[in-house]
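Shown next, in structure tokens, is the structure this report addresses.
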2 protein chains.
Amino acid sequence: MQFHLEGFRPGDPAIAVPAEHAPATDGLPAEVDVLVVGCGPAGLTLAAQLSQFPDITTRIVEQKTGRLVLGQADGIACRTMEMFHAFGFSERVLKEAYWVNETTFWEPDPDQPGTIVRGRRIIDTEDGLSEFPHVILNQARVHDFLLDVMRQSPTRLEPDYACRVVDLAVDRSNDHPVTVTIERGGDPVEVMTVRARHVVGCDGARSAVRRLMGRTLDGDSANRAWGVMDVLAVTDFPDIRLKSTIHSTDEGNLLVIPREGGHLVRLYVELDELDEGERIRSRDLTSDHLVAAAQRILHPYELAVHEIAWWSVYEIGQRLCDRFDDVPDDDRDGLLPHVFIAGDACHTHSPKAGQGMNVSMRDTFNLGWKLAAVLRGQSPPELLHTYSTERHAVAQELIDFDREFARMFSAPPRAAASDGDARGDGGQEPGDGVDPADFQRYFVKKGRFTAGTETHYAPSAITAAAPAQHLARGFVVGMRFHSAPVVRLADAKPVHLGHVVEADGRWRVIVFADDQDPTGPTSGIPTLCDFLAHDPLSPVLRATPAGSDPDAVIDVRAVFQQGHRELALDRMPPFLLPRKGRYGLQDYEKMFCPDPAADVFDLRDIDRGGCIVVVRPDQHVATVLALDDHAGLTAFFADVLLDAA
Amino acid sequence: MQFHLEGFRPGDPAIAVPAEHAPATDGLPAEVDVLVVGCGPAGLTLAAQLSQFPDITTRIVEQKTGRLVLGQADGIACRTMEMFHAFGFSERVLKEAYWVNETTFWEPDPDQPGTIVRGRRIIDTEDGLSEFPHVILNQARVHDFLLDVMRQSPTRLEPDYACRVVDLAVDRSNDHPVTVTIERGGDPVEVMTVRARHVVGCDGARSAVRRLMGRTLDGDSANRAWGVMDVLAVTDFPDIRLKSTIHSTDEGNLLVIPREGGHLVRLYVELDELDEGERIRSRDLTSDHLVAAAQRILHPYELAVHEIAWWSVYEIGQRLCDRFDDVPDDDRDGLLPHVFIAGDACHTHSPKAGQGMNVSMRDTFNLGWKLAAVLRGQSPPELLHTYSTERHAVAQELIDFDREFARMFSAPPRAAASDGDARGDGGQEPGDGVDPADFQRYFVKKGRFTAGTETHYAPSAITAAAPAQHLARGFVVGMRFHSAPVVRLADAKPVHLGHVVEADGRWRVIVFADDQDPTGPTSGIPTLCDFLAHDPLSPVLRATPAGSDPDAVIDVRAVFQQGHRELALDRMPPFLLPRKGRYGLQDYEKMFCPDPAADVFDLRDIDRGGCIVVVRPDQHVATVLALDDHAGLTAFFADVLLDAA
């Protein structure tokens, strides 16, 4: 954490100085830059991101009357933890959450029909995939952390609750093209009109914004019913504190997700297959049904449920919206997007792979910095087209994965299926059975996907084709910057290199030095720094507004090959010790050296001749360039950053 | 973190359920159990500890009108971080603080007189000494964290500010023996009387409590003057982000302590030697003097100070009170202590070794659980005698260390001294000079002492003579329990074993198993568990009140030698899966296995035949027993825990 730059300030440094000219946060103004609809994970992530910019007027409305306290999603993938770190609250989640360290697979005991036995036991997340674990925590707490980020931001953003979007109209000739009609609950109900430059519908599977922009969720019918419950229970099932999948011979399937606090556990219980067009609500299921089903599946183990904190029944279906913005399909190049949808508003699927909350938050982590860059005049508005393109592809992959995962999870164990229609569920063909070993292999194979680290954005202006990719094979263009341990030169602190990418809307240029003395004439470092600091073609000079800190738009960091005791800080290029703030204090956190125990050059397969890795504000690798490719750097940023005013 | 035991509860689990019958916290009641005087580190640590117990009425008064915002101490030793973890806020400190990773030593450049050159550069804390680093953070933030612990406790304790203790009288015939007269600031000033069972003076070097109990601080006169300032500055001194000691030839000495936030730095500047009886305040020094002195010492490096957040001048002296409670020296066995002093009220010394705040907090971490145990009827009141005994010895060591450290720090480099009285300070004998290499060696040698991990309490009822010490050489009786990584059996989570010792007043019995199958007849584990769970001589049975959780007073944990995948949780002794709370939920966090990368049995030299390590509520090892020494366990607790009601 860096603070006190503008003078010593007592108190909690996480609480930003309130912006002097920040718009008042009480009540909805007539005009806003961005109106976020919905206080779920997607909406709050977007609001948390935008709240960092006092020059953007953001509001977030939610039709519920207050914050969520309970239930719903709970899985937090490694990649999401990396994002939480960028927002500054990963340590709170690490402390409070359940850590998914291992997963076990239970299957019918071939020797004792009607009972289950542990099959494989695997490490949940492969070593080195992320510096963060896969964890489980009540969605309500994730909301709380994001609300704290908003509350502590310079704009002190708070949601407007009890606000329902009832109409939406776009007039692109207007400076604030989107007119939104909102009903605020109360007596009497108040009808308000807000005009926005951009509206983002994060309002869930029944999204009003999606409906009002004329888009639909298309996909499978949902004929597989599941129940979920968070319980405090006593059991002799030994893996109740491990994530466990349980396939029984005849009683269906169960997923055990241990929860935070050491006692709570979530159980996903498979229910009957539904008839065509039937909805699970029509069956009048109670939590007693769920408990009884779980008890049957767990046999011979006992389960005594003492409290049900939350429960629900639902159908599984995979549905997707074909575009996540309001640009007509046939006019992509002419019109700019002004209305967006994110999260469940554009993709729904089963919850059991723990993806929903994660993909939703990462939708708006993708969108947030783009909206900010365009609204702040840093980037051309065409940047906004990349949101739907990039995130639709991710959603499509998720839907495809989930369809297969849900099919394999719900299929009876093959041994059972070969006995015929033992479950009495009518539609089951013997051939539908899945060998538990196949399911386990699929689970392992998809580990990187479910961890969220496989997302790979297609080439575009912001994920450039990289002829120099071979210089840093571990930083794949389009994928998230895979952090690695390093040692900070100035204070010898072991840190994670990826943690320099905070959720502040800035681009990062991470320079991996060649093996020469970086203060000498044979190194590419002095010439690169000279170019960045002084050349009219320097993207840093070009994109940084006058009077701003030199790293306000592009934050340049350097990683050397020498040990941190081998370099002389006072002979490094001044560009890497930039002067900032009203006093012109030096920033000592731009230079790093390898961790002796795990050299980043080896870990990420970086060429010893050095290279330049450009990282987007959402932590994805934008391009890889040769160390001396100054022109390449100029060219890359020419397309994504405008000249500063 | 464990929570939801008594039912699901939404919101932040760190905020305890308010105690139903907790005394009102507004205003000072006429009678309290404990009155803490002074909101410094010692007082707040004690209040944070006592606030956890709703059955104890605690109040803390402070003569200042509000919380500290700035200045004073900043060093946080590894051992103190371990204590912070017990209070649940170590991660906040880790995030915000400066980490002291390396220390450099600068000395006169023999080749260029009048300039300085870097001598040694060392790792600040030896590897493996603690799982926590040595860090630096503004004392005010430490106060904030402790205030949060109080605020979130079941008693919701808040300080009473603007309250000055003006009189104190002890009448041991009374149930609340100490009568304290307090003036509360305001218009008009309000005079109040509070009767307390115990009063603890944490009111600093000029302690009113100490004076009113008739004790004095005795020690050296303070004829060495220093200045300290927290500055935002620009410099080309390359080690400004490393802890550095600088000895100049003729200009005196400087200590550089980088501070949190990446920009702030603390400078301790040596000033002139004082005349006999002279006080530094009389010299009318300004911060300009300090800056000028620092600039001279740093030559040839430049230092431009842009803001001075805080500064002070002071004399160094080592002073100690000969007893930390109100028991007369000649009547130790007859009378029980009712008034205590802690922190600067009983020991003062130089700040440069970063010990003051640490030792003060550890004073009251030692006292807090003892007061709680006596007031709650768990332990005999004679336990309170151990506070002064144990902490006086620590303070004496500190004084001795500091005297030597300050002497070596302030002495001129020997090369300079041999030139005669070059500094013009009159009293300097040439022979007083110290070879910089000797100072550096002393610094390294004393690393464990300054880290706070060397504290070794003398034998007593609560640090028993341990004939079985050889069974666990790494857990030295009287020293703090040195944590080590382990894997939790039930959920395969990598955790630190020492972190089971939270600041909750409970004793821990950590059972290191033998190498047999712990579920089989040849292991000592089933018999030990059977003894603890059922034998009338079991200290757990004897000390635990009826209706309490089985681990409410003594928390038993087991560490096995087998890997966590090799043991069957459901066949472990039920005593190690205790049923707790209103639902009788199982506690799955009692059993651990070695971390494959660092086996605790090897790390701490634990006999493969197993043993029992008893740990005090303040994390110090109380005794080590053979695994089958059930009688030893009975005997140990017979002296320290009373029969439960």
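The values are calculated or read from the model by the stated rules, or taken from the named source; none is laboratory data. The structure displayed is predicted, hence computed values, not measured ones. Because the Cβ atoms are built from the backbone with ideal geometry, glycine has one as well, and the counts that use them run over all protein chains shown. Ligands, DNA and RNA are stripped out before the accessible areas are found, and what is left, the full protein with its side chains, is counted by its heavy atoms. Shrake-Rupley method; radii C 1.70, N 1.55, O 1.52, S 1.80 Å.
Exactly one residue among A:GLY71, A:GLY11 is within 14 Å of chain B (Cβ to nearest Cβ), in contact (Cβ under 8 Å) with a residue 40 or more places away in the chain, part of a loop (DSSP other than H, G, I, E, B) and of a type in the set (Gly, Ala, Ser), and that residue is A:GLY71. The condition of being in contact (Cβ under 8 Å) with a residue 12 or more places away in the chain, open to solvent by 10 Å² or more (accessible area, probe 1.4 Å) and touching a Ser or Thr at 6+ places or on another chain (Cβ under 6 Å) holds for only one of B:PRO54, B:PRO29, that being B:PRO54. Cβ-Cβ under 7 Å, sequence separation 6+ or interchain: first residue in segment A:569-584 and within 9 Å of chain B (Cβ to nearest Cβ), partner outside any loop (DSSP other than H, G, I, E, B) and open to solvent by 40 Å² or more (accessible area, probe 1.4 Å). Which pairs? That search, which allows pairs on different chains as well, returns A:TYR583/B:HIS306. When B:VAL180, B:VAL199, B:VAL149, B:VAL166 are checked against the criterion of being assigned to a strand (DSSP E or B) and either of a type in the set (Phe, Trp, Tyr) or under 17 Å from B:ALA42 (Cα atoms) (or both), a single residue qualifies: B:VAL199.
What is the residue count in segment B:484-504 for residues that are under 16 Å from A:ARG121 (Cα atoms) and either away from chain A (no Cβ under 13 Å) or of a type in the set (Gly, Ala, Ser) (or both)?
2
Of the conditions (1) away from every other protein chain (no Cβ under 14 Å); (2) open to solvent by less than 50 Å² (accessible area, probe 1.4 Å), A:PRO113 satisfies every one except a single condition; which number is it? Unmet for A:PRO113, out of (1) away from every other protein chain (no Cβ under 14 Å); (2) open to solvent by less than 50 Å² (accessible area, probe 1.4 Å): (2). When each of A:ALA568, A:ALA635 is tested for being among the small types (Gly, Ala, Ser), over 28 Å from A:THR45 (Cβ atoms) and open to solvent by 50 Å² or more (accessible area, probe 1.4 Å), the lone residue that passes is A:ALA635. Residues that are assigned to a helix (DSSP H, G or I) and at pLDDT 95 or above are absent from segment A:581-588. Here A:GLY88 meets each of (1) within 19 Å of the chain's Cα centre (by Cα); (2) open to solvent by less than 10 Å² (accessible area, probe 1.4 Å); (3) within 14 Å of chain B (Cβ to nearest Cβ); (4) among the small types (Gly, Ala, Ser) with one exception, condition (2).
Checked against the criterion of being open to solvent by less than 10 Å² (accessible area, probe 1.4 Å) and not in a helix (DSSP H, G or I), the candidates A:PHE340, A:PHE365 yield just one match: A:PHE340. Checking B:VAL327, B:VAL374 one by one, the residue that is more than 18 Å from B:GLY204 (Cα to Cα), among the aliphatic types (A, V, I, L, M) and free of Cβ contacts under 8 Å to residues at least 12 places away in the same chain is B:VAL374 and no other. Considering A:ARG211, A:ARG206, the condition of being free of Cβ contacts under 8 Å to residues at least 12 places away in the same chain, in a helix (DSSP H, G or I) and under 26 Å from the mean Cα position of the chain (by Cα) is satisfied by A:ARG211 alone. Scanning segment B:299-312 for residues that are open to solvent by 40 Å² or more (accessible area, probe 1.4 Å), under 22 Å from B:GLU107 (Cβ atoms) and of a type in the set (Ser, Thr, Tyr) turns up at least one hit.
Within segment A:250-288, the set of residues being away from chain B (no Cβ under 14 Å), part of a strand (DSSP E or B), of a type in the set (D, E, K, R) and closer than 24 Å to A:GLN139 by Cα comprises A:GLU270 only. Is it the case that some residue within segment A:496-512 is surrounded by fewer than 23 Cβ atoms within 10 Å (Cβ to Cβ) and over 30 Å from the mean Cα position of the chain (by Cα)? Looking through segment A:496-512, none of the residues is surrounded by fewer than 23 Cβ atoms within 10 Å (Cβ to Cβ) and over 30 Å from the mean Cα position of the chain (by Cα).
On the stretch given as segment B:532-562, residues that are open to solvent by 20 Å² or more (accessible area, probe 1.4 Å) and either more than 14 Å from chain A (Cβ to nearest Cβ) or closer than 25 Å to B:ASP595 by Cα (or both) total 16. In the set (1) of a type outside the set (Val, Ile, Thr); (2) closer than 30 Å to A:ASP171 by Cβ; (3) open to solvent by less than 20 Å² (accessible area, probe 1.4 Å), the condition left unmet by A:GLU190 is number (3).
I'd like to check something: does segment A:371-386 contain any residue that is within 30 Å of A:ILE136 (Cα to Cα), surrounded by 21 or more Cβ atoms within 10 Å (Cβ to Cβ) and of a type in the set (Gly, Ala, Ser)? Checked segment A:371-386: no residue is within 30 Å of A:ILE136 (Cα to Cα), surrounded by 21 or more Cβ atoms within 10 Å (Cβ to Cβ) and of a type in the set (Gly, Ala, Ser). Inclusion of B:GLU82 among residues that are within 13 Å of chain A (Cβ to nearest Cβ) and farther than 30 Å from A:VAL231 by Cα is not warranted. Taking the criterion of being under 16 Å from B:GLY66 (Cα atoms) and out of contact with any helix residue (DSSP H, G or I) (no Cβ under 8 Å at 6 or more places or on another chain), the residues of segment B:143-157 that qualify are B:ASP144, B:ASP148, B:ARG151. Can you work out which of the residues in segment B:59-73 that are open to solvent by less than 10 Å² (accessible area, probe 1.4 Å) and touching a Leu at 6+ places or on another chain (Cβ under 9 Å) is farthest from B:LEU157 (Cα to Cα)? Only one residue fits best here, namely B:VAL61.
Condition first: touching a residue at least 40 places away in the same chain (Cβ under 8 Å), among the polar types (S, T, N, Q) and within 18 Å of A:ALA533 (Cα to Cα). Now tell me which residues in segment A:585-634 satisfy that. Residue satisfying the conditions is A:THR634 alone.
Does segment B:249-271 hold any residues that are touching a helix residue (DSSP H, G or I) at 6+ places or on another chain (Cβ under 7 Å) and either open to solvent by less than 10 Å² (accessible area, probe 1.4 Å) or among the charged types (D, E, K, R) (or both), and which are they? Those that are touching a helix residue (DSSP H, G or I) at 6+ places or on another chain (Cβ under 7 Å) and either open to solvent by less than 10 Å² (accessible area, probe 1.4 Å) or among the charged types (D, E, K, R) (or both): B:ASP250, B:GLU251, B:GLY252, B:ASN253, B:LEU254, B:GLU260, B:LEU267, B:VAL269, B:GLU270. Any residue that is under 15 Å from B:TRP106 (Cα atoms), open to solvent by 60 Å² or more (accessible area, probe 1.4 Å) and touching a Phe, Trp or Tyr at 6+ places or on another chain (Cβ under 6 Å) - is there at least one of those in segment B:290-298? The answer is no, given that none of the residues of segment B:290-298 is under 15 Å from B:TRP106 (Cα atoms), open to solvent by 60 Å² or more (accessible area, probe 1.4 Å) and touching a Phe, Trp or Tyr at 6+ places or on another chain (Cβ under 6 Å).
Among the conditions (1) surrounded by fewer than 22 Cβ atoms within 10 Å (Cβ to Cβ); (2) touching a Ser or Thr at 6+ places or on another chain (Cβ under 9 Å); (3) assigned to a strand (DSSP E or B), B:VAL234 misses just one, which is (2). The condition (being within 14 Å of chain B (Cβ to nearest Cβ) and in contact with a strand residue (DSSP E or B) (Cβ under 7 Å, 6 or more places away or on another chain)) is satisfied by just one residue among A:VAL189, A:VAL200, A:VAL209, A:VAL234: A:VAL234. Residues in segment A:344-360 that are over 21 Å from A:ALA458 (Cβ atoms) and either out of contact with any strand residue (DSSP E or B) (no Cβ under 9 Å at 6 or more places or on another chain) or among the hydroxyl-bearing types (Ser, Thr, Tyr) (or both): A:ASP344, A:THR348, A:SER350.
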